[in-house]
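S.K.: Take this structure, written in structure tokens, and hold onto it; I'll ask about it next.
The values are calculated or read from the model by the stated rules, or taken from the named source; none is laboratory data. Predicted model, so just to flag it, every value in this text is computed and none were measured. Ideal geometry is used to build each Cβ from the backbone, glycine not excepted, and the neighbour counts take in all protein chains shown. Note: areas computed on protein heavy atoms with side chains; ligands, DNA, RNA excluded. Shrake-Rupley method; radii C 1.70, N 1.55, O 1.52, S 1.80 Å.
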Amino acid sequence: QKEVEQNSGPLSVPEGAIASLNCTYSDRGSQSFFWYRQYSGKSPELIMSIYSNGDKEDGRFTAQLNKASQYVSLLIRDSQPSDSATYLCAVYSGYSTLTFGKGTMLLVSP
Amino acid sequence: DAGVIQSPRHEVTEMGQEVTLRCKPISGHNSLFWYRQTMMRGLELLIYFNNNVPIDDSGMPEDRFSAKMPNASFSTLKIQPSEPRDSAVYFCASSPYSVGNEKLFFGSGTQLSVL
């Protein structure tokens, strides 16, 4: 059973702070890792992907991957109220499709 | 591009009734997915098609659920008979990739309520 675990939150941060979202996965053979953002009442949308150990930066977002620890994280710098959403971690293990975590709700207060 | 189109947006029905959800994927995408999302279980894959062929239906809860993809531009998910525990948001997603599923494009979802 492939599992992707996330803290459900909510994670509350003040505007301008760094938000750190974490995810662990059970399948050591996992190959690809993704972060999706889902606003309330909307559908998920892909914001980051990472495939190798280390950091990957895209604007205010940084994805971090540590395969030895089976851990992936998303950092959001200079958090804005518009970043308030649920962030879904998704993992591809080569078994046809993605496994999603249940998501972490992020609340950014002005 | 209009994106992935799902209909209806909302469906309210009574227990025992048949429900049909519809999806039009993005043109040119090889893969189509049906997901169900609830607070308790999160986003669960129901079935995955590649080039109109069902590849993985291990997530289909039981025989009451069926899905078809008669051509590259249309898919349906049918529940017959529906039960209150089927109440959820059902998402259809498509991808231009056949393997790896690097990027899923989700439709707006169908909010299903079974009374």
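S.K.: Report relative contact order for segment B:53-114 in percent, whole number only (criteria: Cα-Cα under 8 Å, sequence separation at least 6).
M.R.: On the way: 68 pairs, mean separation 16.3, N = 62.
26 percent.
S.K.: Continuing with the same structure: List, in order, the whole-Hz ³J(HN,Hα) value for each residue of segment A:23-38 obtained from phi through the Karplus relation with A = 6.51, B = -1.76, C = 1.60 and θ = phi - 60°; use x for Gly and Pro.
M.R.: 8, 10, 9, 9, 8, 5, x, 4, 10, 9, 9, 9, 10, 10, 10, 10
S.K.: Got a sec? What order do B:His10, B:His29 fall in by accessible area at 1.4 Å, biggest, i.e. largest, first? Can you show the working numbers first?
M.R.: Numbers: B:His10 135, B:His29 35 Å².
From most accessible down to least: B:His10, B:His29.
S.K.: Report P(r) for chain B: all Cα-Cα distances, bin width 5 Å, range 0 to the bin holding the largest distance, values in whole percent.
M.R.: Taking all Cα pairs of chain B, the binned fractions are 2, 13, 24, 27, 19, 10, 4, 1 percent.
S.K.: What is the mean number of Cβ atoms from other protein chains located within 10 Å of the Cβ atom of each residue in peptide B:106-112, rounded to a whole number?
M.R.: Values: counts 7, 1, 3, 4, 0, 1, 0.
The per-residue average across the peptide is 2.
S.K.: Something else: Can you pull the accessible area of A:Trp35 for me, 1.4 Å probe, Å² to the nearest 10?
M.R.: 0 Å²
S.K.: Hey, what did chain A get for relative contact order, percent, Cα under 8 Å, at least 6 apart? Can you show the working numbers first?
M.R.: Numbers: 278 pairs, mean separation 42.3, N = 110.
Answer for chain A is 38 percent.
S.K.: Right, here's the next one. Short version: ³J(HN,Hα) in whole Hz for each residue of segment B:6-14, in order, from phi by Karplus 6.51 cos²θ - 1.76 cosθ + 1.60 (θ = phi - 60°), x for Gly and Pro, what are they?
M.R.: 10, 8, x, 6, 9, 9, 10, 9, 9
S.K.: What GluC sites (Glu not before Pro) does segment B:13-115 have in DSSP loop regions with at most 11 other beta carbons within 10 Å? Could you put the intermediate results ahead of the total?
M.R.: Working: sites: B:Glu14, B:Glu18, B:Glu44, B:Glu62, B:Glu102; in loops: B:Glu14, B:Glu18, B:Glu62, B:Glu102.
Passing sites in segment B:13-115 are B:Glu14, B:Glu18, B:Glu62.
S.K.: Do any of A:Lys56/B:Lys68; A:Lys56/B:Lys24; A:Lys67/B:Lys68; A:Lys67/B:Lys78; A:Lys2/B:Lys103 go past 30 Å between their Cα atoms, and which?
M.R.: Numbers: A:Lys56/B:Lys68 38 Å; A:Lys56/B:Lys24 33 Å; A:Lys67/B:Lys68 37 Å; A:Lys67/B:Lys78 39 Å; A:Lys2/B:Lys103 20 Å.
Flagged as over cut-off: A:Lys56/B:Lys68; A:Lys56/B:Lys24; A:Lys67/B:Lys68; A:Lys67/B:Lys78.
S.K.: Related question: Pairs of alpha-carbon atoms within less than 8 angstrom and 6+ residues apart define the contacts here; what relative contact order does chain B have, in percent?
M.R.: Working: 290 pairs, mean separation 42.3, N = 115.
About 37 percent, as a whole number.
S.K.: Still on this structure, I have one more. Relative to the present Cα-Cα distance, how much length would full extension add between A:Ala68 and A:Ser82 at 0.36 nm per residue of separation? The partial results should precede the final answer.
M.R.: Numbers: separation 14, 0.36 × 14 = 5.04 nm, distance 3.33 nm.
Length gained between A:Ala68 and A:Ser82: 1.7 nm.
S.K.: Run the quick spin-label model on A:Glu3 and B:Glu83: label points 7 Å from Cα toward the beta carbon, then report their separation in nm to one decimal.
M.R.: Going from the A:Glu3 label point to the B:Glu83 one covers 2.5 nm.
S.K.: Follow-up question, since we're still on this one. What accessible surface, in Å², does a 1.4 Å probe find on A:Ser12, ignoring ligands, DNA and RNA and rounding to the nearest 10?
M.R.: Probe radius 1.4 Å; accessible area of A:Ser12 about 80 Å².
S.K.: Which one, B:Gly42, B:Gly16, B:Gly28, has the greatest fluctuation when you compute a Gaussian network model over chain B with C-alpha springs under 10 angstrom?
M.R.: Fluctuation is largest for B:Gly42.
S.K.: On average, how many beta carbons from a partner chain sit within 10 Å of the beta carbon of a residue in B:39-52? Walk me through the intermediate numbers first.
M.R.: Details: counts 3, 1, 1, 10, 11, 2, 5, 0, 1, 3, 0, 2, 0, 0.
If you average over the peptide's residues, the count of other-chain Cβ atoms is 3.
S.K.: How compact and how long is chain A, expressed as Rg and Dmax of its alpha-carbon atoms in Å?
M.R.: Every Cα atom of chain A included, Rg and Dmax give 13.3, 42 Å.
S.K.: Can I ask one more? Using a 10 Å cut-off around each Cβ of peptide A:32-43, what is the average number of partner chain Cβ atoms that fall inside?
M.R.: Details: counts 3, 0, 4, 0, 4, 0, 3, 0, 0, 4, 3, 15.
Average neighbour count from other chains, rounded to a whole number: 3.
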